[in-house]
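Laboratory data are not the source of any read-out in this text; all were calculated from the coordinates shown. This is a predicted model, so every value here is computed, not measured. Quick reminder, even Gly has a Cβ in these numbers, built from the backbone with ideal geometry, and neighbours come from all protein chains shown.
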Amino acid sequence: MTVTIVGSQLGDEGKGGVVDLFGDAADVVARYQGGDNAGHTVVQGGEEYKLSLVPSGAVRGKVGVLGNGCVVNPRTLFEELDTLRERGLDPDVRVAERAHVILPYHRVLDQLEEDVKSDDDLAAGTTGRGIGPTYEDKAGRRGVRVGDLLDAETLRDRLEYVVPQKRALLEEVYDIPIEDHDEVDPDAFDIEVLYDQYREFGRRLEAEDMTVNCGAFLADRLEADERLMFEGAQGTAIDIDHGVYPYVTSSNPTAGGAAVGTGLGPSVVGDGEVIGIVKAYLSRVGTGPLPTELGAVDGQTPEDGGRPGGADLAEYIRDEGGEYGTVTGRPRRVGWLDIPMLRHAARTSGFTGLAVNHVDVLAGLDEVKVGHSYTLDGEKLLTMPPTTERWADCEANFRTFEGWPDVDWETVAEEGYDAVPENARAYLEYIEAELDTPVYAVGVGPDRSATVVRESPWE
Ligand code: IMP
């Protein structure tokens, strides 16, 4: 059986904790898209693990897989594995030979393009990890795949083809002299240096027996009646197809990505459960519109965004919820829950269950609002319009809920759903009704023990 975990908002829904909780009963946890842009924090027994590439399940002794839909920076991979080993863990991580490799020039180009785009307000506020440029090369059929690192001749051929193009891009399009520039490391554009470094990564992958034919590997596990969890990174609203283009990441976090990005069929994914992870309010790092945004954040909120008078509340929620980017440390923008966004997410991924996180963060507020619908050109909309420009024109129509008190959430988690304060339950039941999907779990604190579990997706 399979359980797929999908972010239903802008990528910081607390997926790591849910993967960790429901992943406990899984044998294998596989990522199907993204790379080391996916900051996730796993707290276990008071120990905090900050990861950006290694699947969270690997912290808990599961087999972790980076599927063919991922983009893999081998340097990050080995750094994370070495750190986990130093802390006494023994992670078992496999990498798809069909996955694409992030090379140093991808990072350089990611940052350069962001700088250029920022002149026109088009910067996506990327994590600068080279994600977009690597997926571009994948689609452009000039990428380097993990399997290529294992084969000296192929690796050399690939680099000899692609590196001169990257040099030309830098020197002739961006007008940056590689050998004589403060911010560009010439090694990132040097075939010999890259060959030596990446061939070495290939040898290590081979020596540690880490590479797999992902689809076949996972199919064998299913055949053996093992439980597979597919761990989506980022979220629906930054999906390259279904998100707020161009302020998106370059892959498909939505559930369809779990099939393409692992090499199993959509019927396998659809036969299992698809859990949408919802944060009880909204947060995002990066630019672009956000109709339910509270106070504006300098450098990220567009000029006319944010609500006057919302800054204090935004700051309160940001601090209570620790809303600072895991990878970049940037303060996140904060808004009320956006229900049209969630309806869109539920449809694109076909959620069978929900996990609603951070319900404790809103505790103690007098009232809690949700954006129930939008008004666009005088018409009421229940879901997101297809273009980001139209989304920016949407005005949110709010519903107000009475707030709930701050309580001992650990005890609530122990006692179960009936112990959740009544007004918080009303809020959760509203979400269930709007999305026509049951809430399986309610997150009431950062530790995985601080979760009210109503139903396990495995049963
Ligand atoms: P990229 O994935 O680094 O190319 O960044 C593209 C957009 O996705 C930016 O707005 C990032 O802030 C956002 N993004 C990428 N990864 C994450 C994530 O794991 N959580 C939240 N936002 C993310």
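Quick look at the numbers
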read-out	value
D119 versus A25: modelled label distance in nm, points set 7 Å from Cα along the beta carbon direction	5.6 nm
Residues E47 and E179, FRET efficiency given R0 of 56 Å [Cβ-Cβ distance, rounded to 0.05]	0.80
Cβ-derived FRET efficiency at R0 60 Å, R330 paired with E459, nearest 0.05	0.95
Ordering of 342-355, 182-195 by burial proxy (mean other Cβ atoms within 10 Å per residue, highest first)	342-355, 182-195
Relative contact order of segment 101-205, pairs being alpha-carbon contacts under 8 Å that are 6 or more residues apart, as %	27 percent
Inter-label distance, nm, simple model (7 Å from Cα along the C-beta direction), T387/D82	4.9 nm
Simple spin-label estimate for E320 and R347 in nanometres, 7 Å along Cα-Cβ	3.2 nm
Length-normalised contact order for the chain - Cα pairs under 8 Å, 6+ apart - percent	19 percent
Förster radius 45 Å - calculated FRET efficiency between D271 and E160, Cβ distance, rounded to 0.05	0.55
Value of relative contact order over segment 277-453, rounded to a whole percent, pairs C-alpha under 8 Å and six or more apart	23 percent
Beta bridges by DSSP in the chain, antiparallel share as percent, to the nearest 5	40 percent
Assigned charges on the beta-carbon of Lys, Arg, Asp, Glu; the chain dipole about Cα centre (debye)	1000 debye
Residue-count net charge about P104 - beta-carbon cut-off 15 Å; Lys, Arg +1, Asp, Glu -1	-4
Cα-based helix-to-principal-axis angle, 74-86 vs the chain, degrees rounded to 10	70 degrees
Lysines with Cα under 25 Å of K279, excluding same-chain neighbours fewer than 8 positions away	K15, K50, K369, K380
On Cα atoms only, tilt of 214-223 relative to the major axis of the chain in degrees	50 degrees
On Cα atoms only, tilt of 339-349 relative to the major axis of the chain in degrees	50 degrees
Cβ-based net charge around S449, under 12 Å, with every Lys or Arg adding one and every Asp or Glu removing one	-4
